[in-house]
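A.B. asks: Shown below is the structure under consideration.
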Amino acid sequence: MRHTTRYAYGSPVELAAHMVHLRPRPQPWQTVLSERIVADPQPARRHDGLDHFGNCVTWLFLDRPHADFEVTSESIVEVDVPPPPDPADTPPWEQVVEATRTPVGWQAAEFTFGTPMAPLNAETKAYAGESFTPGRPVLEALLELNDRFYTDFRFRAGVTTTSTPVSQVMQRREGVCQDFSHAMVSGLRGIGLPARYTSGYIRTRPPPGQARRQGSDQSHAWVGCWLGPRHGWIDVDPTNGVVIRDEHVLLGWGRDFSDVSPVRGVILGGGDHSVIVGVDLEPADETDVCAADAQA
């Protein structure tokens, strides 16, 4: 997996401090075999740590003038997400809502509140409520809602920005993975279910015979929803209408995009700037084959 972000500044940047979420997050189902972050120019100081949510974070500090800045993350990750539980075997969604108000759900409760990018919104709540009818098993309703987003909304790059409000996304019914994830998170929180915005990548090349996934070649976003203390969290991808299995690599999660932005920071100088982002996520065996072909 390789993720490159390059900034070209209109005038030199004198000082810069960048915070990047570019290192995959270890999980029981995701093993990070190797990872590295390379920056050009080389930072004067680097610090690795964890944020409030336990995500891997790297801070880069540059103290010399530079007209360009490039940061690249390369990693090899093994992913083996267990299959989801039987939807009919999950509790009614109202029980999950109640569980967030008990000691067993206190950590999940953090993800029930609205945020600037995923506010509690009447329209998203009503949209989610069409699937979450009284007494329905929580995963059964979640899967239907995920499929409805995939069916009702059109993936179309360039019609929204990172500041496009959820209300506009619901009206337009089009956008990109960030938009659909924020809207779905907003709707789930609106009915009281814990939902988190999840950042990562999706496989660049589809498996043989399958259609190319929407949102590849860039950072991807999807939704985590808490199913209660017995089943824990499950991740679903409304952009592609699937449950997360082996095509996704997790970077981290938060309340919305602002918590897990791949690259953000503060610069002194720079003026106008342009940014280019490129992502490649491919199975390691395919990468080896491509490398061998290039050397032949």
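A.B. asks: What's the percent breakdown of Cα-Cα distances in the chain across 5 Å bins, shortest bin first?
C.D. replies: Per 5 Å bin, starting at 0, the Cα pair percentages come out as 1, 5, 11, 15, 17, 16, 14, 10, 6, 3, 2, 0, 0.
A.B. asks: Where does region 1-56 land on Rg(C-alpha)/(2.2 N^0.38 Å)?
C.D. replies: Here the answer is 1.38, to two decimals.
A.B. asks: Further, regarding this structure: Measure out, as a whole number of angstrom, how far apart the alpha-carbon centroids of region 59-94 and region 171-185 sit.
C.D. replies: Here the two parts' Cα centres lie 19 Å apart.
A.B. asks: Something else: How large is the helix-only mean residue ellipticity at 222 nm for the chain, computed as the sum of -39500 (n - 2.57) over DSSP H runs with n ≥ 4, divided by its residue count, in deg cm²/dmol to the nearest 500?
C.D. replies: On the way: 7 runs with 67 residues, N = 296.
About -6500 deg cm²/dmol.
A.B. asks: So how tilted is helix 177-190 from the main axis of the chain? Cα-based, degrees 0 to 90, rounded to 10.
C.D. replies: Compared with the principal axis, the helix lies near 40 degrees.
A.B. asks: OK, next. Rounded to the nearest 5, what is the percent of antiparallel bridges among the DSSP beta bridges in the chain? Working shown, then result.
C.D. replies: Details: 64 of 66 bridges.
Of those bridges, close to 95 percent are antiparallel.
A.B. asks: Quick one: which residues, 5+ away or cross-chain, put their amide H under 5 Å from the amide H of residue 252? H built at 1.01 Å from N.
C.D. replies: The list, which skips near neighbours in sequence, is 199.
Every number in this text was worked out from the coordinates using simple rules, so none of it is lab data. Please read all numbers here as calculations on a predicted model, not as lab measurements.
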